[in-house]
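Asker: The structure's right below; bear with me while I get my questions together.
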Amino acid sequence: CSRWEEEKKEDGVKWMQLEHRGPYFVPPYEPLPEDVQFYYDGKPLKLSLATEEIATFYAKMLDHEYTTKEIFQNNFFHDWRKEMTSEEQEIIKDLDKCDFREIHKYFVDRNEARKALPKEEKQKLKEEADKIQEEYGYCTLDGHREKIGNFKTEPPGLFRGRGEHPKMGMLKKRIMPEDVIINCSRDSKIPEPPEGHKWKEVRFDNTVTWLASWTENIQKTVKYIMLNPSSKLKGEKDWQKYEVARRLKDVVHEIRAQYRKDWKSKEIKERQRAVALYFIDKLALRAGNEKEEGETADTVGCCSLRVEHIQLHPQLDGQEHVVEFDFPGKDSIRYYNKVSVEKLVFKNLQLFMKNKDPTDDLFDQLSTAFLNKHLQQLMDGLTAKVFRTYNASITLQEQLKALTNPEDNVAGKLLSYNRANRAVAVLCNHQRSVPKTFAKSMQFLQQKIDAKKKEVEEAQEEVKKAEDEYEDTKDDKAEANVQKKKKLLKRLEEQLAKLNIQATDREENKQIALGTSKLNYLDPRITVAWCKKFGIPIERIFNKTQREKFAWAIDMAGEDFEF
């Protein structure tokens, strides 16, 4: 029996024994050297330690787009002033008069110096980091030594948030032992807090899998120290997630028939549920309503859509019954899509929107809880989220079947794989902003392509010359030369094709994030099976972290695996 399939524990119990060292705390603040100064209104100003530390957070980000945003500046300045001494508050009243450039330069130079260190120095730093990893980065869980995911507390700094987050720029405070709850087993060696400190609480709760937790000050969300994704506990959970999604495959036809029937229900509540479910199934929308406590950004999912988030077009771009979606989704990422829907869905939406204001709920009688309760009755373990996993995985599998050409070389097959993965990322609306280095790296690639084209042209000339020579002499040496030149030409043409594939791949991928779906929504066994079937090395698709996380799938799946 493999370590993924050891004896099962009773329901709700996650471990019998858990021992660890507690979190590793970020080292204390190191003051700036005397000759690095902060200027206010053109004059140097010596800051108190706490105020200086927060100034360095802002200074480090000067070359970042964030510090140009007004909301970031205002939040930062407000929080910074709260931490100042009363003397400093008297002087520092205007962010525009603050000059952080010297501090910024100090950190840029320090980073450059670190990069330029000789190899031995770098090795020494690495050994120190490894020592911390050895000491704090592992725990013992039911007799297995398991790797911990994030064993360090998050350093203090300025909150960034994703998308256009209203709290960006606020001060993320330093985590102290007094903020931390430790979780371990009663009989274990309980971790010691750093000297002069004590833990907020120590508890022995084996129905949860976290080792330590604290509440961060900005969103008031609870942060956890968890096991590494490669651990047995996480691997099992991951595997179970995809098994639930595979079970959905067997009943999805009945569920679809059911929600179609419910579009005509006498109960408006059931109609709303059926239309929402159609969106969740067809468009892989998130359910919504499961926003974390303290998430103040106005983001919505399917169940929390408002009237203002959709527009109905009886006719648009040659299609009938088009719904135009435009709303801020998770992490304030905009979801924009125009979809032709079935006539009954369209009619129901018209009904749901009747006599409502733009800010009213579209599905005013629906909650995620009501929807998930219904789904649980249709299939054990089914929630709205499972549809996203199911639709993502099934899309990858179908696209791989449709796009992979067994005759292609490895580069061609990898392009097909990335195109299949892109189809999933588009379905799930996983966007990224165009990388800063994109234009530069594309330009570099284009130069390589141009140079290779020239080589190909020269090789074509060479082949022609060799053929002419053979025509004249008809001797064996000249014939061998023709073959040699042709072989070289073929190799160069293959290299050119490979570069062109790379360029296509990069261009198509510039605004799409593939990693999110790869880590969270796609059954890794689909990829493992595809690699085995077409002889593609798994490391061409999964990096080291992903290979560790998906060890269970690499062990398990043969080339015939079907999701």
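The values are calculated or read from the model by the stated rules, or taken from the named source; none is laboratory data. Predicted model, so just to flag it, every value in this text is computed and none were measured. Every residue, glycine as well, gets a Cβ built from its backbone with ideal geometry; the counts of neighbours run over all protein chains shown. The accessibility values were calculated without ligands, DNA or RNA, using every heavy atom of the protein model including side chains. Shrake-Rupley method; radii C 1.70, N 1.55, O 1.52, S 1.80 Å.
Asker: Here is a list: GLU65, GLU83, GLU127. Which entry is among the charged types (D, E, K, R), open to solvent by 40 Å² or more (accessible area, probe 1.4 Å) and in contact (Cβ under 8 Å) with a residue 12 or more places away in the chain?
Answerer: GLU83
Asker: Moving on. Which condition does GLU508 not pass, out of (1) among the acidic types (Asp, Glu); (2) in contact (Cβ under 8 Å) with a residue 60 or more places away in the chain; (3) more than 26 Å from ARG162 (Cα to Cα), if it passes all the others?
Answerer: The number of the failed condition is (3).
Asker: Another question about this same structure. Given (1) under 30 Å from PHE57 (Cβ atoms); (2) in contact with a Leu (Cβ under 9 Å, 6 or more places away or on another chain), where does ARG174 come up short, assuming only one miss?
Answerer: Answer for ARG174: the failing condition is (2).
Asker: Looking only at region 352-373, count every residue that is in a loop (DSSP other than H, G, I, E, B) and over 16 Å from PHE325 (Cα atoms) and tell me the total.
Answerer: 8
Asker: Looking for something part of a loop (DSSP other than H, G, I, E, B), under 29 Å from LYS249 (Cβ atoms) and open to solvent by 80 Å² or more (accessible area, probe 1.4 Å) - is there at least one such residue anywhere in region 323-341?
Answerer: No, because not a single residue in region 323-341 is part of a loop (DSSP other than H, G, I, E, B), under 29 Å from LYS249 (Cβ atoms) and open to solvent by 80 Å² or more (accessible area, probe 1.4 Å).
Asker: Give all pairs with beta carbons closer than 9 Å in which a residue from region 364-390 that is over 13 Å from ILE280 (Cβ atoms) meets a residue that is in a loop (DSSP other than H, G, I, E, B) and open to solvent by 60 Å² or more (accessible area, probe 1.4 Å); count only pairs at least 6 apart in sequence or on separate chains.
Answerer: Short answer, once both residue conditions are applied: GLN365/GLU267; SER367/ASN289; ALA369/ASN289.
Asker: Within region 401-411, can you find the residues that are under 11 Å from GLU494 (Cα atoms) and open to solvent by less than 60 Å² (accessible area, probe 1.4 Å)?
Answerer: If the condition is that a residue be under 11 Å from GLU494 (Cα atoms) and open to solvent by less than 60 Å² (accessible area, probe 1.4 Å), then ALA411 is the only one that fits.
Asker: Among the residues of region 233-283, write down those that are among the hydroxyl-bearing types (Ser, Thr, Tyr) and either out of contact with any helix residue (DSSP H, G or I) (no Cβ under 6 Å at 6 or more places or on another chain) or surrounded by 20 or more Cβ atoms within 10 Å (Cβ to Cβ) (or both).
Answerer: TYR242, TYR259, TYR278
Asker: May I ask you to list pairs of residues, at least six apart or on different chains, whose Cβ atoms are under 8 Å apart, with the first in region 473-494 being in contact (Cβ under 8 Å) with a residue 24 or more places away in the chain and the second being surrounded by 13 or more Cβ atoms within 10 Å (Cβ to Cβ) and of a type in the set (Gly, Ala, Ser)?
Answerer: Once the first residue is in contact (Cβ under 8 Å) with a residue 24 or more places away in the chain and sits in region 473-494, its partners that are surrounded by 13 or more Cβ atoms within 10 Å (Cβ to Cβ) and of a type in the set (Gly, Ala, Ser) give LYS485/ALA459; LYS485/ALA466; LEU488/ALA459; LEU489/ALA459; LEU492/ALA459.
Asker: Could you tell me which of the residues LYS241, LYS237, LYS249, LYS282 is of a type outside the set (A, V, I, L, M, F, W, C), modelled with pLDDT under 90 and within 32 Å of the chain's Cα centre (by Cα)?
Answerer: LYS237
Asker: Checking the condition touching a helix residue (DSSP H, G or I) at 6+ places or on another chain (Cβ under 6 Å), open to solvent by 60 Å² or more (accessible area, probe 1.4 Å), at negative phi and not acidic (Asp, Glu), which residue from LEU514, LEU488 passes?
Answerer: Result: LEU488 is the single residue among LEU514, LEU488 that is touching a helix residue (DSSP H, G or I) at 6+ places or on another chain (Cβ under 6 Å), open to solvent by 60 Å² or more (accessible area, probe 1.4 Å), at negative phi and not acidic (Asp, Glu).
Asker: Taking the options ASN481, ASN429, ASN421, name whichever one is touching a Gly at 6+ places or on another chain (Cβ under 7 Å) and surrounded by 12 or more Cβ atoms within 10 Å (Cβ to Cβ).
Answerer: Every option except ASN429 fails the conditions.
Asker: Would you mind finding the one in ILE92, ILE54 that is in contact with a strand residue (DSSP E or B) (Cβ under 8 Å, 6 or more places away or on another chain), at pLDDT 95 or above, open to solvent by less than 60 Å² (accessible area, probe 1.4 Å) and within 26 Å of ASN217 (Cα to Cα)?
Answerer: ILE54
Asker: Sort out for me the strands (runs of 3 or more DSSP E) sitting completely within region 141-220 that have 1 or more residues that are acidic (Asp, Glu), open to solvent by less than 70 Å² (accessible area, probe 1.4 Å) and under 24 Å from LEU233 (Cα atoms).
Answerer: Those strands (runs of 3 or more DSSP E) span 144-147.
Asker: A further question follows. Tell me, which residue of region 442-457 that is loosely packed, with under 13 Cβ neighbours inside 10 Å and of a type outside the set (A, V, I, L, M, F, W, C) is nearest to the chain's Cα centre (by Cα)?
Answerer: Here the answer is GLN443.
Asker: Another question about this same structure. Can you tell me how many residues within region 530-563 are outside any helix (DSSP H, G or I) and of a type in the set (Gly, Ala, Ser)?
Answerer: Here the count works out to 3.
Asker: Separate question: Test ASN405 against the criterion of being in a helix (DSSP H, G or I) and either over 24 Å from the mean Cα position of the chain (by Cα) or not aliphatic (A, V, I, L, M) (or both), and give yes or no.
Answerer: Considered against the rule, which asks whether it is in a helix (DSSP H, G or I) and either over 24 Å from the mean Cα position of the chain (by Cα) or not aliphatic (A, V, I, L, M) (or both), ASN405 comes out as no.
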